[in-house]
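What follows is calculated from the coordinates using simple rules that are stated; it is not laboratory data. Please read all numbers here as calculations on a predicted model, not as lab measurements. Don't worry about glycine lacking a Cβ; one is built from the backbone with ideal geometry, like all the others, and counts go over all protein chains shown.
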Amino acid sequence: MSTNTRFNLTGRTAIVTGASKGIGKAIAQALGLHGAQVVISSRNQETLDQVKVEFDAQGITCCAIAAEIGQSASMSDLVEKTRAIYGPIHILVNNAAANPAFGPITNADDAMFDKIMDVNVRGPLNLAKLCYPDMKAAGWGSVINISSIGGISPGDMLGLYSVSKAALISLTKVLAKEWGSKGIRANAICPGLIKTKFSEALWKSDPIMQQFMAKQALPRIGESDDVSGMALLLASDAGAYCTGGVYTVDGGFTI
Ligand SMILES: NC(=O)c1ccc[n+]([C@@H]2O[C@H](COP(=O)([O-])OP(=O)(O)OC[C@H]3O[C@@H](n4cnc5c(N)ncnc54)[C@H](OP(=O)(O)O)[C@@H]3O)[C@@H](O)[C@H]2O)c1
């Protein structure tokens, strides 16, 4: 089979959470340009509708469905609406995340803990469980969890976020083990510093950027498109033997 065929996602339906901007938008675009029917989701319908207009112009088959990750009814609604429009779901990209706590973990309270675990861990698990019957019936599925290099080694002042991203890596491995026999793969991508709204507090700080650049093998900050190629590989048959993997996309920061 040619390499092009193995990256082809024609006939596959994908949900990408947090797809209105940043890394999620870049991943949704890459999957769509390779033939997948893509559901782009985030909390704000208006922003999603604007992204849909952009994607339509690029020939991407997509649909914009607002949902709040972490809220059970909203996630069920997202999956039901996707099925009604496109049929069974084959690819789930758990990309949306929250980070309400920046600072020492001693300052993190229960409300912060609950919020971050709801969005970053419980949400991805529950969405994966909602998609599981379709993937199992097809004998083919790919769950891609967007973790972070903070999930491998905790980032400074990002303690609780790092805990949640480590849990997401562990969840990925559990899904890979439990669902592998059904033809369902699960992998985690761990981006380094990528220039998005989410990481603004980091890349707008000169002292943080100086520390960061001192550790980078590739001397630049990442762009959202730097992450989408890895997601495409893991979503497609090009990554057919990859499961339970934890893949850094960090310009060599963690070497
Ligand atoms: N940027 C980095 O340096 C970096 C590094 C490592 C890992 N990551 C990870 O990469 C992923 C994407 O981050 P990003 O940098 O691309 O962020 P971003 O540009 O801020 O985009 C975040 C997306 O998630 C949506 N979102 C946020 N909370 C949500 C919720 N509760 N329910 C549904 N949608 C929600 C946002 O839209 P609405 O606000 O409209 O809902 C937006 O579409 C995250 O998992 C993050 O942890 C990022």
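Return yes or no: is Ala57 more than 25 Å from Ala188 (Cα to Cα) and either surrounded by fewer than 18 Cβ atoms within 10 Å (Cβ to Cβ) or of a type in the set (Gly, Ala, Ser) (or both)? Break it down stepwise before answering.
Values: more than 25 Å from Ala188 (Cα to Cα): yes; either surrounded by fewer than 18 Cβ atoms within 10 Å (Cβ to Cβ) or of a type in the set (Gly, Ala, Ser) (or both): yes.
So Ala57 fits the description; yes.
Of all residues in the range 1-35, those that are at negative phi and under 16 Å from the mean Cα position of the chain (by Cα) total 18. Within the option set Thr61, Thr47, Thr82, being within 11 Å of the ligand (Cβ to nearest atom) and β-branched (Val, Ile, Thr) holds for one residue only, Thr47. Selection of the range 129-167 for residues being among the hydrophobic types (A, V, I, L, M, F, W, C) and in contact with a Gly (Cβ under 6 Å, 6 or more places away or on another chain) yields Met135, Trp140, Ile149, Met157, Leu158, Ala166. For the range 231-251, the tally of residues that are part of a helix (DSSP H, G or I) and among the aliphatic types (A, V, I, L, M) stands at 6.
Hey, among the residues in the range 122-150 that are away from the ligand (no atom under 16 Å from the Cβ) and of a type in the set (A, V, I, L, M), which one's nearest to the chain's Cα centre (by Cα)? Among those that are away from the ligand (no atom under 16 Å from the Cβ) and of a type in the set (A, V, I, L, M), it is Met135.
Would you point out which residue out of Ser153, Ser181, Ser142, Ser170 is hydroxyl-bearing (Ser, Thr, Tyr) and assigned to a loop (DSSP other than H, G, I, E, B)?
On the way: Ser181 fails: assigned to a loop (DSSP other than H, G, I, E, B); Ser142 fails: assigned to a loop (DSSP other than H, G, I, E, B); Ser170 fails: assigned to a loop (DSSP other than H, G, I, E, B).
Matching residue, one of Ser153, Ser181, Ser142, Ser170: Ser153.
With (1) surrounded by 24 or more Cβ atoms within 10 Å (Cβ to Cβ); (2) of a type in the set (Val, Ile, Thr); (3) under 21 Å from Pro100 (Cβ atoms) as the list, and Ile194 as the residue in question, which single condition is left unmet? Every listed condition holds for Ile194 apart from (1). Of the set (1) of a type in the set (D, E, K, R); (2) within 15 Å of the ligand (Cβ to nearest atom); (3) within 28 Å of Gly87 (Cβ to Cβ), all apply to Lys182 but (2). Of the set (1) aliphatic (A, V, I, L, M); (2) in a helix (DSSP H, G or I); (3) within 15 Å of the ligand (Cβ to nearest atom), all apply to Ala188 but (2).
Is the range 153-160 home to any residue that is within 13 Å of the chain's Cα centre (by Cα) and among the charged types (D, E, K, R)?
Restricting attention to the range 153-160, the residues satisfying the condition of being within 13 Å of the chain's Cα centre (by Cα) are none.
Within the range 153-160, not a single residue is within 13 Å of the chain's Cα centre (by Cα) and among the charged types (D, E, K, R).
Looking at Gly22, is it of a type outside the set (Asp, Glu) and in contact (Cβ under 8 Å) with a residue 60 or more places away in the chain? Answer is yes for this residue. Residue selection: Pro219 fails the criterion of being part of a helix (DSSP H, G or I) and surrounded by fewer than 19 Cβ atoms within 10 Å (Cβ to Cβ).
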